[in-house]
Amino acid sequence: MHQKSQIEHEAKVLGVDTKAITKKLKSIGAKEKSTVLHRRYVFNTIPFNENKWLRLRSDGKKHTITIKQIDDDTITGTKEWETEVANFETMLDILVHSGIKPKAYQENRRTDFLLGKVTISLDEWPKIPPYIEIEGPNEQSVLEVAKKLGYSKDDLTSLNTKKVYLNYGINLDEISELKF
């Protein structure tokens, strides 16, 4: 039996001031949940598809393996299939020993806030300005939280990380290790 993909309902606001956005989030009642360092290995799919990839990620406590598929750059344009794995390093060994080698290792720091059923993540990545990602149960919830934060639909983007980096003139395909 195959698990259906989950559509992610998310949008980003690029180039935010971390102190200002944290203050704004708290002023609208968002509760800070956690700050973690994500470590991830990214793999190409077989056959290669530029809009689909495998990600093994850990925040130090929870480890997941995910297939991400970008159908378009809209709030509802990303599908994912994800499951938890017991051990990050063992899963990496399994993939590598099966012939699936990582194309890149990446790190980012994420601080999550919760406002109702919507998660607002303050993401910090090496070499680019911070951004927020707003993820909710549906498109309307994402737009409502964006509005509360002072952003219109025109301020939002649903670019994936690779395209965000390209927006700043950096090609992630040329970087095999992205660390702080």
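Computed from the coordinates by the stated procedures, all read-outs in this text should not be read as laboratory data. Every value quoted in this text rests on a predicted model; they were computed, and no experiment measured them. Neighbour counts are summed over all protein chains in view; Cβ atoms, including those assigned to glycine, are modelled from backbone coordinates with ideal geometry.
Some observations on this one:
- D (Stokes-Einstein, µm²/s), Kirkwood Cα radius, the range 3-99, 1.567 mPa s at 4 °C: 82 µm²/s
- The range 8-49: chymotrypsin sites (Phe, Trp or Tyr not before Pro) in DSSP coil with no more than 12 other Cβ atoms inside 10 Å: 48
- Computed helical MRE - 222 nm, the chain, DSSP H runs ≥ 4 contributing -39500 (n - 2.57), nearest 500: -6000 deg cm²/dmol
- Pairwise alpha-carbon distances in the range 41-180 exceed 19 Å for 58% of all pairs.
- Given 12 as the ceiling on other Cβ atoms within 10 Å, longest exposed-site-free region of the chain for trypsin sites (Lys or Arg not before Pro) in DSSP loops: 5-60
- Across the options 35, 58, 137, the greatest Cα extent toward the positive end of the charge dipole of the chain (unit charges at beta carbon of Lys, Arg, Asp, Glu) belongs to 35.
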